[in-house]
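Peer 1: Below: one structure in structure tokens.
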Amino acid sequence: MAGHEIPEPADRRKVADLTADLEAAEGVRQPCDPAFQHGVVVGFDGSTSSERALAYAIGMARRCRSGLIIVHVANRLPTTVWAGCEPPVFVDVPDHRTEVLGLELACAEHLAEVPWILVERGGDICHELEEVGREYAADAIVVGSTHGLVGRMFGSVAGRLARRAQRPVVTIP
């Protein structure tokens, strides 16, 4: 993806066998780039609070000399989930917002200081941020705070993530 190029392995067969084994063991998830192990995960959707969280995460990754894993979660759950009902099916609609965010991030000068990747996921924001954090053995997850009525009614992503995450969560106001 944008931001960091993954070097081609010398022995493609060994990597292909490893990829097949991991896909069989963990479903369809691809193995993460080892260059970003113990990096900083940040949730980003282009909002003002997520831009502040991104700025903090860039500084944190630079100080820790680690990679930055920028996660955009496309919430593809039907509205019945928010009403407390069981979802009949997951809606799998392509989210072109990730492409736009990727282009904006690729042009951002402040990201030139750290290696970074953009990961797109679909589903529950808290679950997906924690899952990416687990896959990359992240040192921390950085998220922006939620302001307004929606955050008070359903609970903020930062609050829910802080209660259930297995790694430090940094909430940026």
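Peer 1: Which residue, of Arg65, Arg134, Arg160, is over 16 Å from Phe36 (Cβ atoms) and either at pLDDT 85 or above or open to solvent by 90 Å² or more (accessible area, probe 1.4 Å) (or both)?
Peer 2: Going through Arg65, Arg134, Arg160 in turn, the sole match is Arg160.
Peer 1: Still on this structure, please answer the following. Give me the pairs, please: first residue somewhere in the range 98-114 and in contact (Cβ under 8 Å) with a residue 60 or more places away in the chain, second residue anywhere and acidic (Asp, Glu), beta-carbon distance under 9 Å, and either six or more positions apart or on two chains.
Peer 2: Correct list of pairs: Gly102/Glu120.
The values are calculated or read from the model by the stated rules, or taken from the named source; none is laboratory data. Fair warning: this is a prediction, and the values are worked out from it, not measured in the lab. When we count neighbours, we look across all protein chains shown, and the Cβ atoms used for this are built from the backbone with ideal geometry, even at glycine. These area figures cover heavy atoms from the full protein model, side chains too; ligands, DNA and RNA do not enter into them. Shrake-Rupley method; radii C 1.70, N 1.55, O 1.52, S 1.80 Å.
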